[in-house]
Amino acid sequence: SSLASTTTDIPDGYNLISAQIASCINNPSSTDLSSLQRFLLSIHDKQPNSTLSTTMFLDFACQIREEGALEVLCAALAKLLMDSEKPEYQTFPSELISRSWAKVSNIKNIDTDMCISTLTRLLDHCLSMAPTNLKLIALQAAARLSVGNNEGTIRLLLSAGALITDGFSNVAMLERWLDSSYYNLVKACMNVGAHIEVSMLCCLKSPPEYGTSFQALKRMTQYDHLHLYYPLFWDVNLLECAISQHHKKEEKILRDFVIGLMQRPENNENNNPDLVTRTQNSKKCAFLRTMYHKFACQ
């Protein structure tokens, strides 16, 4: 009903898709999205005779206030891009996109550049309405990555994480945010050469992804804000790897600095398990706050 109330003064062509969006909200497993998919394809068609403009579509979409309806629209656009079979769109998160939805016909006619632009603009509107919707955040991150906007992806995920976890202080919410954000955040950091951040992010996972983490440490340089991050290492295995790397590179000052960190009482593996957990959680949150200020507050 709230969807209907926001779409009363719209062109006739939108009435049909409004009904289908409402139907999909009530029945998320529905396979009949043909009308909505044909509509979206028609306004993102390579042919010059497209009858409905993306501008009009976005004007229509930005009238919608129902989160479920916005999710359906975003999912349908993402499905178009995935059906195009271009590799950059195949890593879109599947949480919003029903596996039962049929593949769009005539997909070869789609203008994917126009479609991804519409999707990112629509997601900006969605996240202004629902800034803590983890599904929409993950989709926007994947969309930005698909066009090479790595720094924008990092800022999006860290800003959302700070909001959702109360400034990276709520450990329980931190795990939920990380579950939906980890892959895109690590990939974006790899793409911008944020090696030490990658190494630490990989150790936030349970179990830690030591292979990727150690490889990232091998690529780091002495200009990677090491003195900022090293005191926040919560995993002794990372400290040991860092000592080894600095020793191989004959970076004696950095090697001795990390050895000093290893000798701190807080890094004693024989400490009380509860104390170890509290210390690790404190350092994890401090790391993400530091990373947030580095990337998202520029």
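So how much slack lies between Arg121 and Lys248, counting 0.36 nm per residue of separation and subtracting their Cα-Cα distance, in nm?
Values: separation 127, 0.36 × 127 = 45.72 nm, distance 4.78 nm.
Taking Arg121 through Lys248 to full extension adds about 40.9 nm, to one decimal.
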key: Overall form of the stretch 206-276 per C-alpha gyration tensor (a/c, 1.5; a/b vs b/c)   = oblate
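Between Lys108 and Tyr183, what FRET efficiency follows from the Cβ-Cβ distance if R0 is 30 Å, with the result rounded to 0.05? Write down the numbers at each step before the final one.
Details: r = 29 Å, r/R0 = 0.97.
Step by step, r from the Cβ atoms, then E = 0.55.
Looking at the stretch 163-271, which GluC sites (Glu not before Pro) are in a loop (DSSP not H, G, I, E or B) and have at most 11 other Cβ atoms within 10 Å?
Values: sites: Glu175, Glu197, Glu209, Glu240, Glu250, Glu251, Glu266, Glu269; in loops: Glu209, Glu250, Glu251, Glu269.
Of the GluC sites (Glu not before Pro), the ones in loops of the stretch 163-271 whose Cβ has at most 11 other Cβ atoms within 10 Å are Glu250, Glu269.
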note = Amide H proximity to Asp45 below 5 Å, modelled H, separation 5+ or other chain, gives Asp111
query = What distance in nm separates the simple spin-label points at Ser282 and Asp256, each placed 7 Å from Cα in the Cβ direction?
reply = 2.8
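Computed FRET efficiency, Cβ-Cβ of Ser169 and Met56, R0 51 Å: what is it to the nearest 0.05?
Details: r = 43 Å, r/R0 = 0.85.
After rounding, the FRET efficiency stands at 0.70.
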ask   = Residues with beta-carbon under 13 Å from that of Met200, excluding Met200: net charge, scoring Lys, Arg +1 and Asp, Glu -1?
value = +1
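Laboratory data are not the source of any read-out in this text; all were calculated from the coordinates shown. Everything quoted here is computed from the prediction, not taken from an experiment. FYI the Cβ positions are ideal-geometry reconstructions off the backbone, even for glycines, and counts take in every protein chain you see.
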